[in-house]
Amino acid sequence: MVSIKQKAALASIVVTVVLTAAKAAVGLASGSIAILAEAAHGLVDTAATLLTFYAVRLADKPADDDHQYGHGKVESIAALAETAFLFLVSGIVVTEAARRLMGGGHAVEVTPIMAALMVGVIAVDYWRVRVMRRIAEETGSHALESGALHFAADMASSAVVLAGLLFVWLGYPKADAIAAIVVAILICVMSWQLGRRTIDTLMDRAPKGATEAVTEAVAAVPGVVELDGMRLREVGTDTLAEITIKVNRTLPLERVVAIKAAVAEAAAAAHAGTVAKVTADPVALDDETVMERVHLTARRHALAVHHVTVQHLGEKLCVGLDLEVDGALTLGEAHEIASRLEAAIRGELGADVEVETHIEPLQVEMLIGSDAEPARVAEVAASLAALAVETGRITDVHSVRVRETGQGVVVTYHCRAEPSLTVEAVHEAVDEIERRFRRNHARVIRVVGHTEPPRALS
């Protein structure tokens, strides 16, 4: 499919060829050196527009193994080549104008056909400049931007030729050469401006204002501790950004991925056309607790821990935790895992930290089971209610579920406790119920109690 950039470049080629042929025909018929020079200029234009068409066509190709950042910079190369063409044409114009001035002017027979041709050329160039500038702004094409500048220079050159013909007709033969020198200077100024922007792009200069805008946007993304580094460069119509951020190392992977995506979106919103690659470096925060660091260390080793306790005994730090491992492992294998975790915790907190690990079996397989008979559920519910009365803190045992599995019985239930009780006190009461219940029911492998406040407060 032909893009709008390619269509604009192709149309420009056709128009340039037609105008160049018309200038050459009229110049040869009239003997006008000025119009013949415009025809020669048109040949340069034809080469420039062919280069523009090739550039935008190649730039639209997707990235491949040999050009992993795409082909966008070929537009900048084409723009630089067109800038060189403009300087070349300016030099030719100045040389010819100087020759005519020193030679006392040039006799040209002005005809209505010559004037009509130059007016038509100016009108066509004006139309081309407007169309190509609009498309260049819409697509960010450097090649089309340089093409629009080139045709603006052509329009000015044609206007000078027309003005020169007018003043020659009025009896001032040197007016054409003087005006040509002025236009050549203007072309050089415009060419220098375009060339400087193009060279900046080829040298990977960051787009003006983009660094500040993207920096501010990234810093505002929740979860970004610090913007550690950023590099921006233009490739074709895109601005490629390499952004490195710092995030809290205790965050789960899913959260880090979400933060990176948010940073990329923020960069694109802050500067149009920005495509960001985001790298996140985990860092330790000053307010990290010892408990958080222990859990982080366990996650790094893909281990499940709970009941982590931390004690400060003077200058000594003591850590205790429950470590869940596959119940099918031998004691030697489980102890080796625990030892590695303890060593990792000491590496995180300090070599003199005391670490004690309690090993528990972890259920690693999904249990296949079925609901127990209603009579069995009623029996279990009555037993749990009686144990709750004995503990004195747990009331209203309800929503009891009993599941039979190949490994044993799993019991879950809801109960209530006073909201003024601490979580620790409630946990101890529920644990006591579980211990007593399992002593009375040998096949029970797990009892899970969910505690709620009284109904009026729930």
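The values are calculated or read from the model by the stated rules, or taken from the named source; none is laboratory data. What you see is a predicted model, and the numbers here were worked out from it, not measured in a lab. Positions of Cβ are generated from backbone atoms using ideal geometry, with glycine treated the same way; all protein chains shown enter the neighbour counts.
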Search result, residues across the stretch 306-340 that are closer than 15 Å to VAL290 by Cα and either surrounded by fewer than 13 Cβ atoms within 10 Å (Cβ to Cβ) or under 40 Å from the mean Cα position of the chain (by Cα) (or both): HIS306, HIS307, VAL308, THR309, GLN311, HIS312, LEU313, GLU315, LYS316
Inter-residue pairs, beta-carbon under 6 Å, first assigned by TED's automatic domain parsing to the domain that holds GLY320 and farther than 13 Å from CYS318 by Cα and in the stretch 336-349, second among the basic types (Lys, Arg) and assigned to a helix (DSSP H, G or I), 6+ apart: GLU348/ARG293
In this structure, is ALA302 among the aliphatic types (A, V, I, L, M) and within 18 Å of ALA220 (Cβ to Cβ)? no
Restricting the stretch 81-96 to residues that are of a type in the set (A, V, I, L, M) and surrounded by fewer than 19 Cβ atoms within 10 Å (Cβ to Cβ), the one nearest to TRP192 (Cα to Cα) turns out to be ALA84
Apart from one, (1) more than 30 Å from HIS335 (Cα to Cα); (2) assigned by TED's automatic domain parsing to the domain that holds GLU342 all hold for ALA381; the odd one out is (2)
Can you tell me which of GLU315, GLU324 is of a type in the set (Asp, Glu), in contact with a strand residue (DSSP E or B) (Cβ under 8 Å, 6 or more places away or on another chain) and in the same structural domain as THR297 (by TED's automatic domain parsing)? GLU324
From the options ALA266, ALA284, residue that is on the phi < 0 side of the Ramachandran plot, modelled with pLDDT of 90 or more and out of contact with any strand residue (DSSP E or B) (no Cβ under 8 Å at 6 or more places or on another chain): ALA266
Find all pairs meeting these conditions: Cβ atoms under 6 angstrom apart; at least six residues apart or on different chains; first residue within the stretch 428-445 and farther than 17 Å from ARG403 by Cα; second residue surrounded by 15 or more Cβ atoms within 10 Å (Cβ to Cβ) and among the charged types (D, E, K, R). ALA429/ARG393
Has the stretch 347-359 got any residue that is in a helix (DSSP H, G or I), modelled with pLDDT under 95 and surrounded by 17 or more Cβ atoms within 10 Å (Cβ to Cβ)? yes
Taking the criterion of being touching a strand residue (DSSP E or B) at 6+ places or on another chain (Cβ under 8 Å), modelled with pLDDT under 90, closer than 30 Å to HIS335 by Cβ and surrounded by 14 or more Cβ atoms within 10 Å (Cβ to Cβ), would at least one residue in the stretch 399-406 satisfy it? yes
How many residues are closer than 30 Å to VAL290 by Cβ and out of contact with any strand residue (DSSP E or B) (no Cβ under 9 Å at 6 or more places or on another chain) if we restrict to the stretch 229-261? 4
Hey, can you tell me all the residues within the stretch 384-394 that are over 14 Å from ARG435 (Cβ atoms) and either surrounded by fewer than 16 Cβ atoms within 10 Å (Cβ to Cβ) or without any contact (Cβ under 8 Å) to a residue 24 or more places away in the chain (or both)? ALA385, ALA386, VAL389, GLY392
Can you confirm whether the stretch 234-244 contains a residue that is in contact (Cβ under 8 Å) with a residue 24 or more places away in the chain, under 21 Å from LEU285 (Cβ atoms) and crowded, with 19+ Cβ neighbours inside 10 Å? yes
Selected residue (only one of SER141, SER146, SER157 is crowded, with 19+ Cβ neighbours inside 10 Å, at pLDDT 70 or above and among the small types (Gly, Ala, Ser)): SER157
Let me spell it out: the conditions are (1) surrounded by 17 or more Cβ atoms within 10 Å (Cβ to Cβ); (2) in a strand (DSSP E or B); (3) of a type in the set (Lys, Arg), and LYS277 meets all of them except one. Which number is the exception? (1)
